[in-house]
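One structure is given here, and the rest of the page talks about it.
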Ligand code: 5GP
């Protein structure tokens with residue numbers, strides 16, 4: 001196994017986006033949001049589980065009047081999406097009339113994102129923006145505009161920085177890609 005490779009359960013992964021590159025990008029995204037939303041009050045909605053580390057790092061850099069809440073959805077089993085969304089923790093904050101920023105760890109097919117956006121629309125929020133650390137443009141099949149994207153990546157399975165493989169690997173500070 002090469003030095004940049006790691007083993008998680010039955011699979012090998014290779015370092016793909018190093019920790020310092022991620023940290024710089026998170027800062028850059030936060031600064032763009034701070035400037036675009038200057039003078040506004042915003043509510044961030046983090047999509048659990050995967051986004052919790054990105055959400056924490058991003059939110060710490062936000063200099064606006066801001067709140068954060070989380071919803072918990074699941075659509076992945078192993079290394080592929082089931083296409084079906086289960087809501088494990090729902091909506092408990094009154095979002096009516098608010099400026100909401102959805103925080104996603106990764107947008108793949110966009111099914112999860114669409115589900116989240118639909119849920120915000122019926123809650124009569126004032127405006128919806130989206131920030132995602134990672135986007136797989138080749139897999140993304142929705143028309144919803146993503147306002148802030150950290151990195152566009154190929155259609156490969158990744159772990160680390162909050163993202164898991166069967167529950168493991170979330171604590172890795174870098175993002176790793178599957179070695180086939
Ligand atoms: P989508 O609904 O866009 O197809 O998938 C979004 C969700 O699937 C993400 O929030 C994440 O939980 C999971 N996901 C998508 N791609 C990956 C990946 O490459 N690695 C991991 N660990 N999870 C992924």
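Please treat every number below as a calculation from the coordinates, not as lab data. Remember, predicted model here, so these are calculated numbers, not experimental data. Here the Cβ positions follow ideal geometry from the backbone for every residue, glycine too, while neighbour counts run over all protein chains shown.
Report, to the nearest 10°, how far helix 111-121 tilts away from the longest principal axis of the Cα atoms in the chain, using its own Cα long axis and a range of 0 to 90°.
Approximately 10 degrees, to the nearest ten.
Counting other beta carbons within 10 Å of each Cβ, put 143, 11, 126 in order, fewest first.
Details: 143 7, 11 19, 126 11.
Listing 143, 11, 126 from fewest to most nearby Cβ atoms yields 143, 126, 11.
Mind checking the full-extension length gain between residue 38 and residue 23? Use 0.36 nm per residue of separation minus the Cα-Cα distance, one decimal, nm.
Taking 0.36 nm per residue and subtracting the Cα distance, the gain is 3.2 nm.
Report the label-to-label distance for residue 85 and residue 123 in nanometres (one decimal), using points 7 Å from each Cα along the Cα→Cβ vector.
1.2
If every alpha-carbon in the range 93-138 counts as one equal scatterer, what log10 I(q)/I(0) does Debye give at q = 0.15 1/Å?
-0.39
Relative to the present Cα-Cα distance, how much length would full extension add between residue 31 and residue 61 at 0.36 nm per residue of separation?
10.0 nm
Treat the count of other C-beta atoms within 10 Å as a stand-in for reagent exposure and order 36, 108, 164, 10 from fewest to most.
Least to most surrounded, the residues fall as 10, 36, 164, 108.
If neighbour count is taken as other Cβ atoms inside 10 Å, put 88, 113, 133, 95 in order from fewest to most.
Going from least to most buried by this count: 88, 95, 113, 133.
Computed FRET efficiency, Cβ-Cβ of residue 178 and residue 93, R0 25 Å: what is it to the nearest 0.05?
Approximately 0.10, to the nearest 0.05.
Taking only C-alpha pairs under 8 Å that are 6+ residues apart, what is the relative contact order of the chain in percent?
Across the chain, relative contact order equals 25 percent.
Counting helices only, and only those DSSP H runs with n ≥ 4, report the 222 nm mean residue ellipticity of the chain as the sum of -39,500 (n - 2.57) divided by its residues, in deg cm²/dmol to the nearest 500. It would help to have the intermediate numbers written out before the result.
Values: 3 runs with 38 residues, N = 180.
Calculated at 222 nm, the ellipticity per residue is -6500 deg cm²/dmol.
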